[in-house]
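Quick notes on the structure that follows.
The values are calculated or read from the model by the stated rules, or taken from the named source; none is laboratory data. This structure is a prediction, so every number in the text was calculated from the model and none was measured. So basically every Cβ, Gly included, is an ideal-geometry build from the backbone, and we count neighbours across all protein chains shown.
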Amino acid sequence: MEVYSTLLWHLRKDVDLSYLAHELVEVDRLSPAAWCAIGNSFSLQKDHEQALKCFKRATQLDPKLAYAFTLQGHEHVSSEEYDKALVAYRSAVSADSRHYNAWYGLGKVYEKTGKYDLSERHFKTAAQINPTNSVLVCCIGMVLEKTKNYKGALAQYDLACRLAPRSALSRFKKARTLMSLGNNLVCDPLRLPLGCGADVCGWIGCVG
């Protein structure tokens with residue numbers, strides 16, 4: 001239910017989320033999932049302080065609930081409290097080392113603070129746990145792109161496109177990186193990852 005409440009948060013379903021939180025509290029007010037739902041409801045209303053109190057209550061009730069620690073981390077990131085976010089995400093990993101959301105959170109904090117090597121490492125750990133998640137693969141590509149490793153980034157975006165062919169983000173990132181590589185490599189297919197030469201030529205034609 002804590003995951004479902006987060007889904008409603010992403011969908012901005014404020015009324016549905018409030019109703020879910022109310023129902024869960026009615027069933028069992030000592031349920032960690034109920035407190036996660038209440039916290040997500042406060043978070044959707046931009047009340048980060050109350051949201052954090054609810055997520056912390058969830059971890060008091062269940063110290064092994066990695067997801068609640070991760071939600072704490074997300075709230076701290078929203079408030080740009082990156083040190084506190086790192087503590088929360090690390091607590092989530094300690095509770096469940098295969099909780100890829102927390103590894104993603106750590107990678108995001110390191111990316112936001114310019115520590116790209118650490119960011120790449122944590123995104124890769126998340127992707128190893130959940131290898132079919134195109135968003136995680138895209139995150140690796142974005143970090144590599146920021147360090148101007150365009151060929152490495154392109155390989156990640158290409159993989160993300162294969163995992164999720166309809167992903168607008170993956171396709172946009174791949175196209176932009178192809179253009180960057182095209183400008184540097186003058187459309188030399190031999191210097192590109194396998195299967196990318198024609199794409200670069202096509203994009204150079206489009207922009208040139």
**OP:** Taking residue 59 as the residue in question, decide whether it is modelled with pLDDT under 95, crowded, with 16+ Cβ neighbours inside 10 Å and of a type in the set (Val, Ile, Thr).
**Re:** no
Original post:
Within region 195-204, is there a residue that is of a type in the set (Asp, Glu), assigned to a helix (DSSP H, G or I), at pLDDT 90 or above and in contact with a helix residue (DSSP H, G or I) (Cβ under 7 Å, 6 or more places away or on another chain)?
Top reply: no
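Matching residues to (1) closer than 27 Å to residue 34 by Cβ; (2) assigned to a helix (DSSP H, G or I):
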| position | (1), (2) |
| --- | --- |
| 73 | yes, yes |
| 94 | yes, yes |
| 97 | yes, no |
| 111 | no, yes |
| 125 | no, yes |
Original post:
What number of residues in region 50-64 are among the charged types (D, E, K, R) and under 22 Å from the mean Cα position of the chain (by Cα)?
Top reply: 2
Original post:
Is it the case that residue 87 is assigned to a helix (DSSP H, G or I) and surrounded by fewer than 21 Cβ atoms within 10 Å (Cβ to Cβ)?
Top reply: yes
Original post:
Looking only at region 133-150, which residues are of a type in the set (Val, Ile, Thr) and either within 13 Å of the chain's Cα centre (by Cα) or under 11 Å from residue 100 (Cβ atoms) (or both)?
Top reply: 135, 137, 140, 143
**OP:** List the number of the failed condition for residue 120; all other conditions in (1) among the acidic types (Asp, Glu); (2) closer than 17 Å to residue 67 by Cβ; (3) buried (at least 20 other Cβ atoms within 10 Å of the Cβ) hold.
**Re:** (2)
Original post:
So which residues in region 127-151 are touching a helix residue (DSSP H, G or I) at 6+ places or on another chain (Cβ under 8 Å) and in a loop (DSSP other than H, G, I, E, B)?
Top reply: 130, 132, 133, 147
